[in-house]
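Heads up: the structure comes next, in structure tokens.
The values are calculated or read from the model by the stated rules, or taken from the named source; none is laboratory data. Since we're looking at a predicted model, the values are computed, not measured. Neighbour counts are summed over all protein chains in view; Cβ atoms, including those assigned to glycine, are modelled from backbone coordinates with ideal geometry. Ligands, DNA and RNA are stripped out before the accessible areas are found, and what is left, the full protein with its side chains, is counted by its heavy atoms. Shrake-Rupley method; radii C 1.70, N 1.55, O 1.52, S 1.80 Å.
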Amino acid sequence: MRVQNSAIDENPVAVRTGTTLAALGVLSFSFSLPATAWALDGFGPWTVTAVRCALAGLLAAVALRVARVPLPDRRQIAPILVVALGCVVLFPLLSTLALQTTSTGNAAVVVGAMPIATAAYAAVRTGVRHSPVFWAAAVAGTAVVVAFTFLRSGGVPSTGDLYMIGAVVGGAAGYAEGGRLAARTPGWRVIAWALVFSLPVFVPASALALAWEPAHPTPTAVTGLAYLVLISQFGGFVAWYGGMAIIGVARGSQLQLAQPVLTLSWAVLLLGEPLTPAAPIAAVAVLACIIVTQRAR
């Protein structure tokens, strides 16, 4: 189901469908950092990155083969390569390296800058214009996230924060290009081809990483890696791109303002990380900004 952006506000069924799909994608991604922390319990960072992408790529190749999907045309190659670089290479690698030096909670809050980065990239690429109310709420939500990050880090960004900033930049470009492409082709094909195009890099990288880094495949580590392969790197994108194809990249991206809140919750509940007093306040402020961006034209 695809609806032109100009007709979104007049089609409440499409809005609900697209919002639900995008929200499922955000929920899926919100557990990616905790799952990465679990995977790092038994595997090195390069192994986690390479193996998650290689296995997801093989899964995508099987899905494309079974569905007899034709090769993408020339116009789709460049956007798919951007998705591959941003969502298959940079975000998984840099976020995994970040968790070597920072907590899941800190990394989660930096991800809160992703929505406005994605919306800004999409606006430049598509020329779509949004209301001042939309941009004001998006900037306000991002400001809350940035302030919360500095509060948690004592005002000085760590090496992990810098890694996460790079991950956000790469991920935003990949999200926006994938969302645009999903308006013309099924979203699962977008991420599937991006993963397949990355296989020549990650299959040999997996072999090298496994030989170089010691591996201790504990049940926790294997569970975390399995989640990254099946959901974070493939399944979550199916819902995410499908939702953005319906409601638009900018509006869909603002749902990601909830991702740091969700990830912080997982970090506290499942990883035992402490909850700062400012977290609930930041959560309420961010959710208020999400509501405004979803209602803005």
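Computed quantities for the displayed model
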read-out	value
Close pairs from region 266-286: first under 15 Å from Val144 (Cβ atoms) and at pLDDT below 80, partner open to solvent by 90 Å² or more (accessible area, probe 1.4 Å) and part of a helix (DSSP H, G or I), Cβ under 8 Å, at least 6 apart	Thr276/Leu151; Ala278/Leu151
Residue in region 92-113 that is modelled with pLDDT of 75 or more, touching a Ser or Thr at 6+ places or on another chain (Cβ under 6 Å), over 25 Å from Ala285 (Cα atoms) and open to solvent by less than 20 Å² (accessible area, probe 1.4 Å) present	yes
Residue in region 270-278 that is open to solvent by less than 10 Å² (accessible area, probe 1.4 Å) and in a helix (DSSP H, G or I) present	no
Selection status of Ala120, under 20 Å from Cys289 (Cβ atoms) and surrounded by fewer than 21 Cβ atoms within 10 Å (Cβ to Cβ)	yes
Neighbours by Cβ (under 8 Å, 6+ apart or cross-chain): first from region 213-230, farther than 16 Å from Thr96 by Cβ; second exposed (fewer than 14 other Cβ atoms within 10 Å of the Cβ)	none
Considering residues of region 41-90 that are open to solvent by less than 40 Å² (accessible area, probe 1.4 Å) and outside any helix (DSSP H, G or I) only, the residue farthest from Leu230 (Cα to Cα)	Pro72
Close pairs (6 angstrom Cβ cut-off, 6 or more residues apart or separate chains): within 15 Å of Val146 (Cβ to Cβ) and of a type in the set (Val, Ile, Thr) in region 161-173, open to solvent by less than 10 Å² (accessible area, probe 1.4 Å) and in a helix (DSSP H, G or I) anywhere	Val168/Met114
